[in-house]
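The values are calculated or read from the model by the stated rules, or taken from the named source; none is laboratory data. Keep in mind that this is a model prediction, so the values were computed, not measured. A quick note on method: Cβ atoms are made from the backbone with ideal geometry, for glycine too, and the neighbour counts reach across all protein chains shown. Keep in mind that these areas ignore ligands, DNA and RNA; they rest on the heavy atoms of the full protein, side chains included. Shrake-Rupley method; radii C 1.70, N 1.55, O 1.52, S 1.80 Å.
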Amino acid sequence: MNLAARLDKLPPYLFLEISRKIAEKRAQGADIVSFGIGDPDIPTPSKVIDALISTSHDPANHRYPESDGLPLLRSAISNWYKSRFGVSFDSNKEVLPLIGAKEGIGHMALCLIDPGDIALVPDPGYPVYSVGTMFAGGESHMMPLQEKNAWLPDLDLIPEEVARKATVMWLNYPNNPTGALADLDFFKKVVDFAKTYEIAVCHDAAYSEVTFDDYVAPSFMETPGAIDVGIEFHSLSKTYNMTGWRIGSAVGDPELIDGLLRVKSNLDSGISQAVQYMGIEALENINSDWITSNNEIYKRRRDRMVSVLNSIGLIVPTPKAGLYVWAKCPDGWTSASLAAELLDKHSVVVTPGRGYGEYGEGFIRLSLTTPDDRVEEGLNRLASAEF
Ligand SMILES: Cc1ncc(COP(=O)(O)O)c(C=O)c1O
């Protein structure tokens, strides 16, 4: 059997080697604490589950959904954007429900990239941007995110000929894995750049609601001119602890929304309708107090983690958003050797920054989505490490 060559181009799956090691250690009886994947351990709000239970009895929801989702869900998304960011969208043309942001991001590449085209991709970054580009036959031009630039790409470093061949720029703030933030001044520069080179901007705002210390994340779509050049991906996964239900959205330029809908309607059949009703319930009836108290749980874990890691010699800033702590490796350690040491000696799983790209080297990522007692257990073990 001949599998397509593109499968050979896939980078080794970030968590595969770690999962193999975990399985090996568990088989030897080790009690592993994982700060690996960012997948909320806190349950989905019960009101949202109730919406699933009640609507799943209706036979109308047992059938194929429409690819563009229920009009009620599209309105709920546009109303949420209006009240949260003050930005209005036409829910018939500028809003598209997704089976999670990841699905939309992967499919978006098929709308924007022809073989030979260039995508501008952040490094380190969520791997789907470059994998989607490769699946569409394009090339990723990596935009280094570096500490010295507050983990924002330096647009002046993008060579003129690359910018001219680029069809899309991917951005993600609050950022995974670095925890970095972007403001509207930066987004304005992005809009100007995109207009100059006729590049579509795809902003992934999956973590915009997971914020701490009174920080409020802006939407790229608040930037003047953003709707002319771009689209924003959003997710209910992290905001409402709904990773397992698979629901997110895209909003923005109607041509990009229409392109994404055309790709999706040929490849998937939309979000299960009962799950769409969960989304409507979450967006309309889970208030900001609930979100704040949910974020408090992560904030407590963040504070404990930052303090312990700093005390053992790692340099760790306190992130104001997102589900991760991004810690600098001590001298003499690579991200892989440090992750291996923490697993081998302390049975604690962290993610090596190199897995997110070349510029992630020298850092490890720890997720805040581990239950409190396991966070304590993991940190107690790390507290005995010395670097
Ligand atoms: C930056 C970023 N975007 C998107 C996603 C996926 O979101 P969803 O669950 O909506 O597919 C993740 C998940 O970890 C992420 O880190």
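Paramagnetic label reach from A336 (point 7 Å along Cα→Cβ; backbone nitrogen cut-off under 13 Å): within segment 344-387, residues 352-358, 361-362. Each Lys and Arg Cβ is given +1 and each Asp and Glu Cβ -1; about its Cα centre, the chain then shows a dipole of about 700 debye.
The fraction of accessible area contributed by carbon and sulfur in the chain is 52 percent, rounded to a whole number (1.4 Å probe; ligands and nucleic acids excluded).
Quick one: Cα convex hull volume of segment 1-136, Å³ per residue?
Output value, Cα hull per residue: 243 Å³.
Stretching E255 away from E24 to a fully extended chain increases their span by 78.3 nm, per 0.36 nm per residue minus the current alpha-carbon distance.
Estimate the FRET efficiency between I53 and D372 by the formula 1/(1 + (r/R0)^6), using the beta-carbon distance for r and 35 Å for R0, to the nearest 0.05.
FRET efficiency, I53 to D372: 0.80.
Remark: segment 166-280 carries a charge dipole of roughly 380 debye about the Cα centre, counting +1 on each Lys and Arg Cβ and -1 on each Asp and Glu Cβ. Subtracting the Cα-Cα distance of E284 and N149 from their residue separation scaled by 0.36 nm leaves 44.9 nm. If you wrap the chain in the convex hull of its Cα atoms and look at it from every side, the mean projected area works out to 20.1 nm². Classification of segment 181-267 by its C-alpha gyration tensor yields an oblate form. The axis ratio a/c (a ≥ b ≥ c) is 1.5 or more, and b/c is at least a/b. Note on the chain: helix-only mean residue ellipticity at 222 nm, from DSSP H runs of 4+ residues weighted -39500 (n - 2.57) and normalised by residue number, equals -13000 deg cm²/dmol. Surface analysis of the chain yields an accessible area of 44 Å² per residue, using protein heavy atoms and a 1.4 Å probe. About its Cα centre, the dipole of segment 268-364 is roughly 380 debye, where the only charges are +1 on Lys and Arg Cβ and -1 on Asp and Glu Cβ.
Farthest towards the positive end of the charge dipole of the chain, among the residues L155, S83, G132, is the Cα of G132, using unit charges on the Cβ of Lys, Arg, Asp and Glu.
Relative contact order, whole percent, for the chain stands at 23, derived from Cα pairs under 8 Å and 6 or more residues apart. Here's how it looks for C329: its modeled amide H is under 5 Å from those of F363, I364, which are all 5 or more places away or on a different chain.
Across all directions, the shadow cast by the convex hull of segment 76-228 built on its C-alpha atoms averages 9.0 square nanometres. Compared with the direct C-alpha span, the chain from R6 to E222 gains 74.1 nm at full extension, assuming 0.36 nm per residue.
Charges on Cβ only, +1 for Lys and Arg, -1 for Asp and Glu, centred on the Cα centroid of the chain; of V229, G69, P11, which one is farthest towards the dipole's positive end? Checking the options against the dipole of the chain, the answer is P11.
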